[in-house]
Amino acid sequence: MSPIGSFIGRLLRRAQRHRDRDYGPSRWVLSFTKFGAIFCTDDPVTEGFSESSAQIARAQGLYVTSALDGSNTHVLISIVFTNEEYKGSTLEVQGSSAQFERVREVAVVGGTGKFRLARGYATFETIHYDHALSYAVIRCNVTVLHY
């Protein structure tokens, strides 16, 4: 096994906003804090924070609000690499994430391709969050061991 360097990326998490006029009563508005809420994601992972940063992967998966008080989400994310060096390889990220903490840590539980049998951890740090747009810029730092 050999360690690989960490990469820093940007994950954009967006929740689709439902409006009363289109989807019924306001009790159906999706919320990251509502127990049992499930959100699908397919967001870019880039090398840096600027809009012009090269995309290196996509973060595809689910967030499930898993704490009754809405403080934790269960994260099931595949980081699917799209850049030349790692194209088609994946890292599988899973764990409970204290969604309102500035920095969260979850496990890397596997991988495919160049990351086959990966094990490690990922930290997610919220750099910017716009509540009105449900838009976040998140620094992702992943450290893994793999074959």
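All of the numbers you see were taken from the coordinates with simple rules; none came from a lab. It should be emphasised that the depicted structure is a prediction, and the values quoted were computed from it without experimental measurement. Backbone-built Cβ (ideal geometry, glycine too); neighbour counts: all protein chains shown.
What spacing in nm lies between the two simple spin-label points modelled at Tyr121 and Asp69, each 7 Å away from Cα in the Cβ direction?
The two pseudo-label positions are separated by 2.3 nm.
Apply the Karplus parameterisation 6.51 cos²θ - 1.76 cosθ + 1.60, with θ equal to phi minus 60°, to every residue of segment 70-80 and state each ³J(HN,Hα) to the nearest whole Hz, in sequence, with x for glycine and proline.
Here the 3J(HN,Hα) series is x, 7, 10, 10, 9, 9, 10, 10, 9, 8, 9 Hz.
Figure the gain on full extension for His128 and Phe35 (residue separation times 0.36 nm, minus the Cα-Cα span) and round it to one decimal in nm.
Fully extending the segment from His128 to Phe35 adds 31.1 nm.
Output the peptides 90-97, 120-127, 57-64, 46-53 sorted from most to least packed, where packing is the average of other Cβ atoms within 10 Å over each peptide's residues.
90-97, 57-64, 120-127, 46-53
Modelled label-to-label distance, Val137 and Gln55, 7 Å Cα→beta-carbon offset: nm?
1.8
How much length is gained if the chain between Asn83 and Leu145 is pulled fully straight, taking 0.36 nm per residue apart and subtracting their Cα-Cα distance, in nm to one decimal? Kindly include the intermediate steps, with their values, before the conclusion.
Numbers: separation 62, 0.36 × 62 = 22.32 nm, distance 2.00 nm.
Separation in residues times 0.36 nm, less the Cα-Cα distance, equals 20.3 nm.
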